[in-house]
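Input: a single structure, listed below in structure tokens.
The values are calculated or read from the model by the stated rules, or taken from the named source; none is laboratory data. What you see is a predicted model, and the numbers here were worked out from it, not measured in a lab. Quick reminder, even Gly has a Cβ in these numbers, built from the backbone with ideal geometry, and neighbours come from all protein chains shown. Side chains are part of the model used for accessible areas, which takes the heavy atoms of the whole protein and leaves out ligands, DNA and RNA. Shrake-Rupley method; radii C 1.70, N 1.55, O 1.52, S 1.80 Å.
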Amino acid sequence: MDLTLDQAKVHYLDSAATVYPKPKRVLERMVELYLQFGVNPGRSGYDLCLVGGGLVDSTRKKLTEFFGGTDPNRLCFTSNASDALNILIQGLVRPGDHVISTVLEHNSVIRPLNHLREKGTIEVDYVPCGDHCILDPDEFGRFLKPNTTLVVVNHASNVIGAVQPIAEIGEFCREHGLLFVIDVAQTAGLVPINMQSLHVDALAFTGHKSLLAPTGIGGLYVREGVTVEPTRYGGTGVRSAHPFHLEEYPYRLEVGTLNLLGISALYLAQDYLAEEGIENIYRHEMALFTKLQEGLQDISGVHLHGTVKLDNRLPVLSFTIDGWDPSDVGTFLDVDYCVACRTGLHCAPLIHEHMGTAPRGTVRFSVGPSNTEEDISVALAAVREIASSHR
Ligand SMILES: Cc1ncc(COP(=O)(O)O)c(C=O)c1O
């Protein structure tokens, strides 16, 4: 396969799928660290192994602080947010439980819940959202049952970008003694997250979006006092004679060799985010996003879906063009204009039913840290031409 590509030509508006490119200094230093001590951390007592283990521990500490957690051992690494959400959902419910989730969720929440429902283990309800696709915390009460134990909510949707009223939903959960899990796949690294002030019991994150690590690393944090039953068992590198998987965190929810390369990147990217300031990165992306959204609103035949509010949101939007199938728009944007975006349902089918954009979905533009004014003008000019052309 020819792996050469003229990177300079691509106007990448698909950061909600993964941020690209990642900061060079994170990637280069990650490889340097791996070249120095890319061994199996936590397995042996020689120096290389101890240094690798130290890096893993320091990354747990940095991320615990980043999310407002208190015990770095309760920060467990997984391969991505989907993996983390599976571990949390399957490990927190018991047969007969009722779970409340929302129509904003990604399939990484909907599918584990639906599988458990299908097996007869749990009952599930999905709370609809209101104006601008924002959840109304008061709506959750309507779905409460005597057997409700868990609430799972997306911090911000990957389709429409609205940041949800998590603290208020968290208060509702505390009042009713429910466990509260949030999916911060889209927000981590762009929006400050403090689990304590949000009243969150556990969160799931992925490394490859705004946390600026490569794909294949993610994790979860579980508050003290909350017990997640392990659903996978295996090697931990410690207490090998023990016949069962270890009960203590972080081993409890981690199996097998960790992704040291990905963890190194998370460690380095935490420094990068602290130096650059996540508020500055957010401001840069939102300035471009505002131009993009306002430009699209001015194009005849273009319809924005979901929220158009410009505050408390992420730089991701969904639109359709009269007379056009979203996937054809994506193909034209790519082939004729070198604009990379995502089309379809974006792994979040329920929100499209709510918005009336199922089954074809939408075209999604999402702005990232490396985008420039030029990317926005090229994308707007392209959509203008597509919308004005007759099919
Ligand atoms: C809101 C949301 N949740 C979960 C995920 C799953 O993340 P990953 O593919 O890294 O497991 C995504 C990925 O797009 C997402 O946008």
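With each label modelled as a point 7 angstrom along the Cα→C-beta vector, the T372-V51 pair spans 3.8 nm. Once you've got the GNM for the chain with C-alpha springs shorter than 10 Å, pick whichever of H115, H354, H245 has the biggest mean-square fluctuation. In the Gaussian network model the winner is H115.
With an 8 Å Cα cut-off and a minimum separation of 6 or more residues, compute the relative contact order for segment 24-275 in percent.
On the way: 473 pairs, mean separation 66.7, N = 252.
About 26 percent, as a whole number.
When only alpha carbons are used to place a centre, segment 233-288 and segment 10-54 end up 11 Å from one another.
Placing +1 on each Lys and Arg Cβ and -1 on each Asp and Glu Cβ, with no other charges, gives segment 293-364 a dipole about its Cα centre of roughly 280 debye.
Ligands, DNA and RNA aside, L50 has an accessible area near 100 Å² when probed at 1.4 Å.
Here, the chain is characterised by an Rg to Rh ratio of 0.98, where Rg is the alpha-carbon radius of gyration and Rh the Kirkwood radius.
Check segment 24-275 and count each lysine pair with an alpha-carbon distance under 23 angstrom, considering only pairs eight or more places apart or from different chains. Mind dumping the intermediate values first?
Working: K24/K62; K24/K209; K61/K209; K62/K209; K119/K145.
Lysine pairs satisfying the spacing and distance rule in segment 24-275 number 5.
Rounded to the nearest 0.05, what FRET efficiency is calculated for S58 and Y20 with R0 set to 25 Å and r the Cβ-Cβ distance? Write out the running numbers ahead of the final one.
Details: r = 26 Å, r/R0 = 1.05.
My answer for the efficiency is 0.40.
In the full protein context, the chain carries 43 Å² of accessible surface per residue, based on a 1.4 Å probe and ignoring ligands, DNA and RNA.
The modelled label-to-label distance for the pair H115/A381, using points 7 Å beyond Cα in the direction of Cβ, is 4.7 nm.
Here's the picture: charge each Lys and Arg Cβ at +1 and each Asp and Glu Cβ at -1 in segment 1-118, and of V103, A81, L33 the one pushed furthest to the positive end of that dipole is L33. Taking 12 Å as the cut-off, the amide N atoms of segment 355-391 that come nearer than this to a point 7 Å along the Cα-to-beta-carbon line of K291 belong to 371-381. Can you pull the percent of segment 239-365's accessible area that's carbon plus sulfur, 1.4 Å probe, other chains left in place? Roughly 50 percent, rounded to a whole number.
Ranked from largest, the principal axis spans of the Cα set of segment 66-155 equal 36, 33, 23 Å.
Stick to Cα atoms and the Kirkwood definition of Rh, then tell me Rg/Rh for segment 123-225.
Details: Rg = 13.8 Å, Rh = 14.3 Å.
Here the Rg-to-Rh quotient is 0.97.
Rounded to the nearest 10 square angstrom, E294 shows an accessible area of 90 square angstrom against a 1.4 Å probe. Placing unit charges on the Cβ atoms of the charged side chains and taking the dipole of the chain about its Cα centre, the candidate lying farthest along the positive direction among L116, T187, A287 is L116.
Go ahead and run the numbers for FRET between H132 and D334, Cβ-Cβ distance against an R0 of 25 Å, rounding to 0.05.
On the way: r = 29 Å, r/R0 = 1.18.
Calculated transfer efficiency: 0.25.
Treating only the Cβ atoms of Lys and Arg (+1) and Asp and Glu (-1) as charged, compute the dipole magnitude of segment 249-291 about its Cα centre; round to the nearest 20 debye.
160
Extents of segment 270-391, taken as max minus min of Cα coordinates on every principal axis and listed largest first, are 48, 32, 23 Å. Only Cα pairs under 8 Å and 6+ residues apart enter the sum, and on that basis the relative contact order of segment 201-298 stands at 25 percent. Its alpha carbons considered, segment 1-54 gives a radius of gyration followed by a Dmax of 16.9, 49 Å.
At a 1.4 Å probe radius, which order do H284, H352, H208 fall into by accessible area, largest first? Intermediate results must be reported in sequence, preceding the final value.
On the way: H284 75, H352 0, H208 30 Å².
Listed by decreasing accessible area, they come as H284, H208, H352.
Per residue, what volume in Å³ does the convex hull of the Cα atoms of segment 178-232 enclose?
Values: hull volume 4.8 nm³, N = 55.
Dividing the Cα hull volume of segment 178-232 by its residue count gives 88 Å³.
Counted over the chain, the DSSP beta bridges are approximately 55% antiparallel.
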